[in-house]
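The values are calculated or read from the model by the stated rules, or taken from the named source; none is laboratory data. Because the structure is predicted, anything quoted here is derived from the model rather than measured. Cβ atoms come from the backbone with ideal geometry, glycine included; neighbour counts cover every protein chain shown.
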Amino acid sequence: MLPGRAPGLHLSDDGRRQADAAARRIGALERVAAVYASPLERARETAAPIARARGLALRIDRGLLELDVGSWTGVRLDRLSKRPEWATVQRYPSGFRFPDGESFVEMQARVTATLAALVNRHRGGVVVAVSHADPIKAALAQALGMHLDLFQRLAIAPGSITTIAYGALGPMVLGMNSPGDGGAGS
C-alpha cells in the first residue's frame, strides 16, 4: 500500500524497536539542539524516544511531511505498478504530479527549505529531523548534487539514520541509511 499522508498509521512493534535503537544511537551524541518530526503519527512515534533520550521537547514541522500522493493514498502498490504513470514515478519523477497531490519537485523544495530553516534556527547545533523515505531521499539527492530523477536509486529503510552536515561550503553527506541499531544494513 502507498500510505502517503494517511492518518492513523502507527509504528509496529518492530518499528518501535527501531525507534528505540535510533534513540540510543542519537542519545550518545554530545549535543543535540532540537528534535523535529513530521506531524504524521508514525514519524512522531519514531521521534518521541529520541527527544526523551535527549531531554528535549519534540517539535512538529509540517515541512517534514511525507510526499502528498493525493488520490493514490492507500492504493495497493501492485495496482499502482501496473499503471503507465508508474514508470514515470520511477524513472522521471521530476515530471510527475500525483493526482490531487504534489509533485516530487514541490516535495523536494519543501523539505530542503525546511531543513535550511532548521539549520539556520539552530546554527552550529545538531538537529534531528524525523521524516519519511521520499523526503529524505529528496534531501539526499539535493545534498549530493544528484538530479531528482535519480533519487529512486537511493534506499532509506524505516528507522535508519541519515546524516547531512550543512556548512558554508554546502551540504556534506556523512552517512546514509544507517540502521538505528548500528548493525549491518541490507
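What to note about this one:
- Looking only at the range 62-84, residues that are out of contact with any Pro (no Cβ under 8 Å at 6 or more places or on another chain) and within 30 Å of VAL32 (Cβ to Cβ) come to 2 in all.
- Residue satisfying all of: in the range 91-135; closer than 20 Å to ARG54 by Cβ and touching a Phe, Trp or Tyr at 6+ places or on another chain (Cβ under 8 Å); surrounded by the fewest Cβ atoms within 10 Å (Cβ to Cβ) among these: VAL127
- From the options ARG153, ARG123, residue that is without any contact (Cβ under 8 Å) to a residue 60 or more places away in the chain and more than 18 Å from the chain's Cα centre (by Cα): ARG123
- Members of the range 62-73 that are of a type outside the set (Val, Ile, Thr) and either closer than 10 Å to ARG5 by Cβ or in contact with a Ser or Thr (Cβ under 6 Å, 6 or more places away or on another chain) (or both): GLY63, LEU64, LEU65, GLU66, LEU67, ASP68, GLY70
- The listed residue being surrounded by 12 or more Cβ atoms within 10 Å (Cβ to Cβ), among the polar types (S, T, N, Q) and out of contact with any helix residue (DSSP H, G or I) (no Cβ under 8 Å at 6 or more places or on another chain), out of THR73, THR46, THR88: THR73
- Residues of the range 25-43 satisfying the condition of being surrounded by fewer than 17 Cβ atoms within 10 Å (Cβ to Cβ), farther than 21 Å from ASN120 by Cβ and among the aliphatic types (A, V, I, L, M): ALA28
- Options ALA51, ALA6, ALA57: the member that is of a type in the set (Gly, Ala, Ser) and within 25 Å of PRO179 (Cβ to Cβ): ALA51
Rundown of residues vs (1) of a type in the set (Phe, Trp, Tyr); (2) under 17 Å from LEU29 (Cβ atoms); (3) at pLDDT 95 or above, yes/no style:
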{"position": "ALA138", "(1), (2), (3)": "no, no, yes"}
{"position": "ALA141", "(1), (2), (3)": "no, no, yes"}
{"position": "ASP149", "(1), (2), (3)": "no, no, yes"}
{"position": "LEU154", "(1), (2), (3)": "no, no, yes"}
{"position": "ILE161", "(1), (2), (3)": "no, yes, yes"}
{"position": "ALA165", "(1), (2), (3)": "no, yes, yes"}
{"position": "GLY183", "(1), (2), (3)": "no, no, no"}
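- Residue match in the range 131-138 (condition: of a type in the set (Asp, Glu), closer than 24 Å to PRO39 by Cα and outside any helix (DSSP H, G or I)): no
- Enumerated helices (runs of 4 or more DSSP H) restricted to the range 1-118, each holding at least 1 residues that are farther than 26 Å from THR163 by Cβ and touching a residue at least 40 places away in the same chain (Cβ under 8 Å): 77-80, 85-91
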